[in-house]
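Structure first, commentary second.
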Protein chains: 2
Amino acid sequence: MSTIYHVPKVHFGKNSLSELSSILDNFKNNLIIIDKNLINHASLNILKNNNFSLISVDTSTEPSVDYVDELSLQVRNIINLECVVGIGGGSSLDIAKALANLYTNPGSAALYQGWDLLNNPSLYTVGIPTLPGTGAESSKTCVLLNKVKNLKLGMNSQYSVFKEVICDSNLLKSIPKNLFFYTVMDAFFHCMELLNGFFRSPFSDAYAQQALKLIDDIFSSDDPMSDVNLEKAMLASFLGGSAIANSYVGIIHPLSAGLSTVFGTPHSVANCIVMQAMEEYYPKEYNLFMSYKEKNNYTLPTGITKNLSNEEYLKLYQSSICHQKPLINALGEDFENILTLDKVVNLFKMM
Amino acid sequence: MSTIYHVPKVHFGKNSLSELSSILDNFKNNLIIIDKNLINHASLNILKNNNFSLISVDTSTEPSVDYVDELSLQVRNIINLECVVGIGGGSSLDIAKALANLYTNPGSAALYQGWDLLNNPSLYTVGIPTLPGTGAESSKTCVLLNKVKNLKLGMNSQYSVFKEVICDSNLLKSIPKNLFFYTVMDAFFHCMELLNGFFRSPFSDAYAQQALKLIDDIFSSDDPMSDVNLEKAMLASFLGGSAIANSYVGIIHPLSAGLSTVFGTPHSVANCIVMQAMEEYYPKEYNLFMSYKEKNNYTLPTGITKNLSNEEYLKLYQSSICHQKPLINALGEDFENILTLDKVVNLFKMM
């Protein structure tokens, strides 16, 4: 038995961003959280006549408890705030959800990292993804780095599901070629990892299978960023987020988290780097991944895990192996006897 | 561009019915609408300590405006009603949704038949399907027969989406063999008709393709009503309902509506009867349907459209051809020149 949470209302397709203005009109006070790189974004130009506060956020590093707590001081001072809109990649969307949760739940974000710890419903939340793949638009979490506890953990809660999402594929047109590959592959990894795991649910399987089919359409075509494919990418990301919200990832995400923790490698590219060493565990998907990459001449950073000190390899190992839930999902309770220090170091050396 | 509505919260899997008691505890006053054939159903035994009113409904004929208006008089007298639960097949679920809408919107149900005519949000609604295939659990409508206007039309509205659904496959175990086939085929027809139509949306396509895959798994297996397949049927129905909520059916449903109007044939079996004459329009799906039927020795009523009077054939034609939207979806604006009286009569004679 499982409980699946869905975004109740999704505006989908080119120009669906035009819905935002009338959504904001439903509320007395709105707050828009936007990636600082998007501050001159077309999406804001259409809102001239709307009433909203604006906070641009720094997503050059992954969002942390400290950063969200600091923003929250400012947000809690907005009187009668009713609606929070997030515009951007996964980090901006997660920050928006966290701030909406913290407006109605007192104290630090750290108090709510875990499962079902939020006591009060959040504000009305609207998500507008500008990068397809993260799944933040349809997930029931908002992931934050907790530097004190040295972990990355979400506020997993029904209140962390957006109430409304706008999936406008026009917003994806300017994504650089390689970044488009990395970010869509994030959805690919969510789906293939869960489908290869022990913990399964029929809903997650169905969404994941459909997302993988869409992703295969995209990267088997001659123009992965055509209008039709951008819509497919939006949909694959949404379905992948819904799928993973009710399941677990596998080996790739933990090793990728190791890279992000030790080298600050952005999540989506870190996943792709790790996949290059995953032929042993996911042979079918490894071949698919490599065929997508080669057909379209996507490039990946190489050699970042070569010739490290023993201490650095140990750090990589430790910050990977601590992700128990996904590793149990992939390998069983015995995962530490399979992914030994030597084994993990060898995997990193292959990347 | 399209707007997709989802059920926000779905409890899925065997024994998920156990969630109902704690859902009811969230509200001061609850109303349970249940098919009168299910009045001794196990689902009610678990609710001994809960506070609710109960109305058993007659679903031997399709729900009508008159019937719902009559029930509504009674329901509007329940003071401080907050939550309406529907338990049963598509008719019971649709009646529950209609009554929840009418509690907060004055006047006859007929006022709200159409698109986006409800002015006020409905009560909290919970759907518990006991027949898989109708899709009423995930649709954004509740279909009612309007005898005055001689049409069948839903309250199409975001407020007609259940807030919470319980998909417990244990509830499907006692469905008779043939009925199981007919009702799951309802989802099959929703999906294949929309995928063969002109009006398409990526979301609907994705849900429909996945539902068809699940249905193919079910009827290609040696035991279509195994535990695993009952879960797949629940999921296929849910996905099919979500798919059709944002699209249109094709030729089968209009002709099936003709049979229901003229002979009172229940919806799901009427669809199957019509499919037997659809090889010309849907050859691939016709073959699939026949293979499912033959592999599992399902039987259908035969000959009900043979040897009718000209007047009866004319009635069948008229009550089919009036369903313009799906017929335009299937055949284009010119559909009346394709489905002439002679053609439609010949199709009915093939059934």
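Evaluated against (1) closer than 23 Å to B:Leu255 by Cβ; (2) open to solvent by 10 Å² or more (accessible area, probe 1.4 Å), B:Gln158 falls short on exactly one condition, (1).
In segment B:298-343, the qualifying residues are those that are over 30 Å from B:Arg200 (Cβ atoms) and of a type in the set (Val, Ile, Thr), and the one that is most open to solvent (accessible area, probe 1.4 Å) is B:Thr302.
Candidates A:Val274, A:Val249: the one that is in contact with an Asp or Glu (Cβ under 8 Å, 6 or more places away or on another chain), closer than 26 Å to A:Pro301 by Cβ and among the β-branched types (Val, Ile, Thr) is A:Val249. Of (1) at the interface with another protein chain (Cβ under 10 Å from one of its Cβ atoms); (2) open to solvent by 40 Å² or more (accessible area, probe 1.4 Å), B:Asn150 satisfies all except one. Which? Looking at each condition in turn, B:Asn150 falls short on (1).
The lone criterion from (1) open to solvent by 40 Å² or more (accessible area, probe 1.4 Å); (2) within 21 Å of B:Gly241 (Cα to Cα); (3) modelled with pLDDT of 95 or more left unmet by B:Trp115 is number (3). Taken over segment A:204-230, the criterion of being open to solvent by 40 Å² or more (accessible area, probe 1.4 Å) and either farther than 17 Å from A:Ser291 by Cβ or not assigned by the TED database to the domain that holds A:Lys295 (or both) is satisfied by A:Gln209, A:Met225, A:Asp227, A:Val228.
Residue-wise test of (1) farther than 23 Å from A:Gln318 by Cα; (2) open to solvent by 30 Å² or more (accessible area, probe 1.4 Å); (3) in contact with a Lys or Arg (Cβ under 8 Å, 6 or more places away or on another chain).
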site	(1), (2), (3)
A:Ser247	yes, no, yes
A:Thr265	no, no, no
A:Ala270	no, no, no
A:Met275	no, no, no
A:Tyr281	no, yes, no
A:Phe289	yes, no, no
A:Glu294	yes, yes, no
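Name the one entry in B:Glu193, B:Glu280 that is more than 14 Å from chain A (Cβ to nearest Cβ), outside any helix (DSSP H, G or I) and not β-branched (Val, Ile, Thr). It would help to see each step written out before you state the result.
Values: B:Glu193 fails: outside any helix (DSSP H, G or I).
One residue alone meets the criteria, B:Glu280.
Restricting attention to segment B:1-31, the residues that are within 30 Å of A:Glu19 (Cβ to Cβ) and aliphatic (A, V, I, L, M) add up to 4.
Per-residue answers, yes or no, for (1) of a type outside the set (A, V, I, L, M); (2) part of a helix (DSSP H, G or I); (3) modelled with pLDDT of 95 or more:
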| site | (1), (2), (3) |
| --- | --- |
| A:Val228 | no, yes, yes |
| A:Leu235 | no, yes, yes |
| A:Gly250 | yes, no, yes |
| A:Gly258 | yes, yes, no |
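Residues of segment B:290-325 that are at pLDDT 95 or above and within 30 Å of B:Asp217 (Cβ to Cβ): B:Met290, B:Ser291, B:Tyr292, B:Lys293, B:Glu294, B:Lys295, B:Asn296, B:Asn297, B:Tyr298, B:Thr299, B:Leu300. Taking residues in segment A:1-30 that are within 7 Å of chain B (Cβ to nearest Cβ), and partners anywhere that are crowded, with 20+ Cβ neighbours inside 10 Å and in a helix (DSSP H, G or I), the pairs with Cβ atoms closer than 6 Å and at least 6 places apart or on different chains are A:Met1/B:Ser16; A:Ile4/A:Phe203; A:Phe12/B:Phe203; A:Lys14/A:Ser169. Can you find even one residue in segment A:186-203 that is open to solvent by less than 10 Å² (accessible area, probe 1.4 Å) and free of Cβ contacts under 8 Å to residues at least 24 places away in the same chain? No, segment A:186-203 contains no residue that is open to solvent by less than 10 Å² (accessible area, probe 1.4 Å) and free of Cβ contacts under 8 Å to residues at least 24 places away in the same chain.
Out of curiosity, is B:Leu195 in the same structural domain as B:His267 (by the TED database) and either more than 18 Å from B:Gly89 (Cβ to Cβ) or among the polar types (S, T, N, Q) (or both)? The answer is yes for B:Leu195.
Entry remark, segment B:90-112: residues being surrounded by fewer than 24 Cβ atoms within 10 Å (Cβ to Cβ) and either part of a helix (DSSP H, G or I) or aromatic (Phe, Trp, Tyr) (or both) number 4 in total.
The values are calculated or read from the model by the stated rules, or taken from the named source; none is laboratory data. The structure displayed is predicted, hence computed values, not measured ones. Here the Cβ is made from the backbone with ideal geometry for all residues, glycine too, and neighbour counts use every protein chain on show. Only protein heavy atoms, including side chains, enter the accessible area calculation; ligands, DNA and RNA are left aside. Shrake-Rupley method; radii C 1.70, N 1.55, O 1.52, S 1.80 Å.
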